[in-house]
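Accompanying notes for the structure given below.
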């Protein structure tokens, strides 16, 4: 395995977060594995977007074959470690466990998966042997989960993969966007390093793909198409959306995903003077940043313009955030962010009806920090620079669902830029679909 290349600075806020679901010990893993019923028509497999044979890998753990369990997992999902930690198993595999229907505690599938993969990759990372070189070259734009997964699978098939990443830290959502009590940046980067160690994967950092390359560090879409046999777009999502209220541009107002990234990788991030914060939104990103701020010792109000039952975030995430002090404020919406001497001092909240503010209902809530978690812009402008690639009305890359091929015969896409923002496991599942079709294309089928 290659030496580590993605060392992060110390003094990052994420270092202070405790692991929400710590790595099992040997005894814990054996006890949990032996609870599994090894269902023949396992609902947990059907609930997994990557169709991991869950009973099979759990049985292998129970018989002491941890390496075999890891091989089963990673054959189906090459990002099996990060998915083990970041997946909402409560609504996927574990949520479909037969024990759940009986009112009993479901098998802790995610923690067993992490146990198998983490222990194996630490001790014997050489699990797979790549096929002989085919001489084919694939460009992958962006280094998030969809591109990493696609590159790993294609490299094992003998193809050369070149990943183009404009940021200084690779990994996309895995490295920069997942709450640190689930998955810390160094853990995500270790997994990325393992995928790179499979061979025939080149990572080009600080390179931006544009329609016309005019500056150093840029490469044009036409150049990619001319110099590669296929192109995969794993563009992720863009900047945090804004609410469009007075005071939103001032100091102390942050986009949620940008602030999560700062917590994860910025050394010395301090919340000095911040006693109370407001998070605006009702999705999983809002829940993540609200929970993180609460764990950092801040009093947090999470404001949503509709009711709790209409929230897009997972109920188990809300339950966990509430345990740690997050307060949900329903049917309210900011109409102004108030500043004094250049700093946030409060937010004017209005009562909402059908999700819209009602005039005359405003009240001032004192806060020192505001995080907007109301969605993200689409980072897909460059996609349209590829001839034949189209976006839908919501700015997502349009693909054939059966192949994930775009309107350009040499371009495929997957992940958040296609699905609008789902889980890491969905990005891997979409990459698998694309890779199968890329394989057919490269074989001349």
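Which percent, to the nearest 5, of DSSP beta bridges fully inside the chain are antiparallel?
35 percent
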_With a 10 Å cut-off between alpha carbons and a GNM built on the chain, which of 111, 35, 305 moves the most?_
35
*Any chance you could check the Cα centroid distance between region 34-80 and region 198-269 for me, in angstrom?*
34 Å
*With springs only between Cα atoms under 10 Å, which of 41, 229, 341 fluctuates most in a Gaussian network model of the chain?*
341
*asked:* Cut-off 10 angstrom, C-alpha nodes, Gaussian network model of the chain. Which of 148, 169, 58 fluctuates the most?
replied: 169
_Report the gain in length on full extension from residue 65 to residue 363: 0.36 nm times residue separation, minus Cα-Cα distance, nm rounded to one decimal._
101.2 nm
*Rounded to the nearest 500 deg cm²/dmol, what is the calculated helix-only ellipticity per residue at 222 nm for the chain, with -39500 (n - 2.57) per DSSP H run of length n ≥ 4?*
-9500 deg cm²/dmol
*How large is the convex hull of the Cα atoms of the chain per residue, expressed in Å³ as a whole number?*
161 Å³
*Alpha carbon centre of region 287-330 versus region 92-149: separation in Å?*
29 Å
*Using DSSP, restrict attention to beta bridges with both residues in region 253-372 and report what percent are antiparallel, rounded to the nearest 5.*
50 percent
*Tell me, 140, 196 in order of fewest to most beta-carbon neighbours within 10 Å?*
196, 140
*Show me 63-73, 425-435, 206-216, 12-22 ranked by packing, highest mean number of other Cβ atoms within 10 Å first.*
425-435, 63-73, 12-22, 206-216
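Any read-out appearing in this document is the output of simple, stated calculations on the displayed coordinates, not a laboratory observation. Here the structure is a predicted model, which is why all the values come from computation and not from measurement. Don't worry about glycine lacking a Cβ; one is built from the backbone with ideal geometry, like all the others, and counts go over all protein chains shown.
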